[in-house]
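Before any comments, here is the structure.
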Amino acid sequence: MDPNTLERRCPRLGGSVNFSYCQTCGNRKGPCFKIFDCWWESFDVVEYLKKRLSTEEFTKLAEGRPRPKMTSLLEIIEQARQNIESSKK
Ligand code: SF4
């Protein structure tokens, strides 16, 4: 199976894109930061990209993944709680 022939609905664009688009986002700047989240259910996208990117590029892409919204919300709530605590002192 050639992953480049696979298509899915893009949550960022709202339309259908194929995997080859996701590898460049149409501008040759490299893979989309959501490429793991969007494609892991379709095929082994991690292994595919590991074979095609340099270690540096792969690490940068993997570390650049956005944090889950719940994690961010919990951090904001904790920060607000700490601000309230410190303002009481
Ligand atoms: S990887 Fe990026 S460009 Fe591709 S479908 Fe997901 S959000 Fe859209």
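Cβ-Cβ contacts under 7 Å between residues 6 or more apart (or on different chains), taken from a first residue in the stretch 26-49 that is under 15 Å from Glu7 (Cβ atoms) to a second residue that is assigned to a loop (DSSP other than H, G, I, E, B) and of a type outside the set (D, E, K, R), are listed as Cys32/Cys25; Ser42/Leu6; Phe43/Met1. Hey, does the stretch 29-36 have a residue that's in contact with a Lys or Arg (Cβ under 7 Å, 6 or more places away or on another chain), part of a loop (DSSP other than H, G, I, E, B) and open to solvent by 70 Å² or more (accessible area, probe 1.4 Å)? Looking through the stretch 29-36, at least one residue is in contact with a Lys or Arg (Cβ under 7 Å, 6 or more places away or on another chain), part of a loop (DSSP other than H, G, I, E, B) and open to solvent by 70 Å² or more (accessible area, probe 1.4 Å). Considering the stretch 7-41, and only residues there that are modelled with pLDDT under 95 and of a type in the set (Ser, Thr, Tyr), the residue that is nearest to the ligand (Cβ to nearest atom) turns out to be Tyr21. Those residues that are surrounded by 14 or more Cβ atoms within 10 Å (Cβ to Cβ) and charged (D, E, K, R), I need them from the stretch 8-28; list them, please. Residue satisfying the conditions is Arg8 alone.
Of the residues in the stretch 47-60, at least one is assigned to a loop (DSSP other than H, G, I, E, B) and either surrounded by 11 or more Cβ atoms within 10 Å (Cβ to Cβ) or within 11 Å of the ligand (Cβ to nearest atom) (or both).
For beta carbons closer than 8 Å, sequence separation of 6+ or different chains, a first residue in the stretch 54-74 that is more than 20 Å from Arg12 (Cβ to Cβ) and a second that is modelled with pLDDT of 90 or more, the qualifying pairs are Phe58/Leu49; Phe58/Lys50. Inside the stretch 8-27, residues that are assigned to a loop (DSSP other than H, G, I, E, B) and closer than 18 Å to Ala62 by Cα make up a count of 3.
The values are calculated or read from the model by the stated rules, or taken from the named source; none is laboratory data. Since the model is a prediction, treat every value here as computed from it, not as a measurement. All Cβ positions, even for glycine, are placed from backbone atoms using ideal geometry, and neighbour counts span all protein chains on display. All accessible areas refer to the heavy atoms of the entire protein, side chains included, with ligands and DNA or RNA removed. Shrake-Rupley method; radii C 1.70, N 1.55, O 1.52, S 1.80 Å.
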